[in-house]
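Accompanying notes for the structure given below.
Every read-out reported here was derived from the displayed coordinates using simple, explicitly stated rules and does not represent laboratory data. As the structure is a computational prediction, the values presented were derived from the model and not from experiment. Note that we place each Cβ from the backbone using ideal geometry, even for glycine, and neighbour counts take in every protein chain shown.
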Amino acid sequence: MSDVVSTRLKKDEVEELNRISADEHIDRSALIRKFLLQQIKEYRLKLVSEKYRKGIMSLAEAATIAKVSIYEMMDYCRREHIRPIEPNETELEEEYETARDIFSSLKNEKNNK
């Protein structure tokens, strides 16, 4: 089910929408919906990419929240030059130790079966 949403636009904005809808061969309502959905997607990508850049969430988490594939998220980050904060040496060592412990426990579980 869909709701009707209305907005006020200036005459020149409506004329521009009419020109674009004619070029795209779709009605004005469909064009406005298309533009609105594109902007919502862009907003979600911008919001989560900032959290990814700050190291608050992983790329996969960001993609899930933005409702895009991980590949779309990667493309967006590359296009916008977004990179996560580089971990320092202590953080890398902690991650290495954690990974080693996980793999060791998995290996032990496998050997005990």
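Values for this structure:
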read-out: Backbone N under 16 Å from the residue 88 label point (7 Å along Cα→Cβ), restricted to region 46-66; value: 55
read-out: Ratio of the Cα radius of gyration of region 1-94 to 2.2 N^0.38 Å, where N counts its residues; value: 1.53
read-out: Choice from 70, 32, 82 showing the highest fluctuation, given a GNM over the chain with Cα pairs closer than 10 Å; value: 32
read-out: 1, 57, 73 arranged by Cβ crowding within 10 Å, fewest neighbours leading; value: 1, 57, 73
read-out: Candidates 43, 52, 96, ranked by Gaussian network fluctuation over the chain, Cα under 10 Å, top entry; value: 96
read-out: Sum of side-chain charges, residue 33 neighbourhood, beta-carbon under 14 Å (Lys, Arg +1; Asp, Glu -1); value: 0
read-out: GNM result for the chain, Cα springs below 10 Å: residue of 41, 51, 11 fluctuating most strongly; value: 11
read-out: Sparse-neighbourhood loop sites, GluC sites (Glu not before Pro) in region 1-85 - DSSP loop, at most 14 other Cβ within 10 angstrom; value: 80
read-out: Amide N of region 62-78 lying under 17 Å from the label point, which is placed 7 angstrom from the Cα of residue 98 along Cα→Cβ; value: 62
read-out: For region 63-113: rounded, prolate or oblate by the Cα gyration tensor [a/c cutoff 1.5]; value: oblate
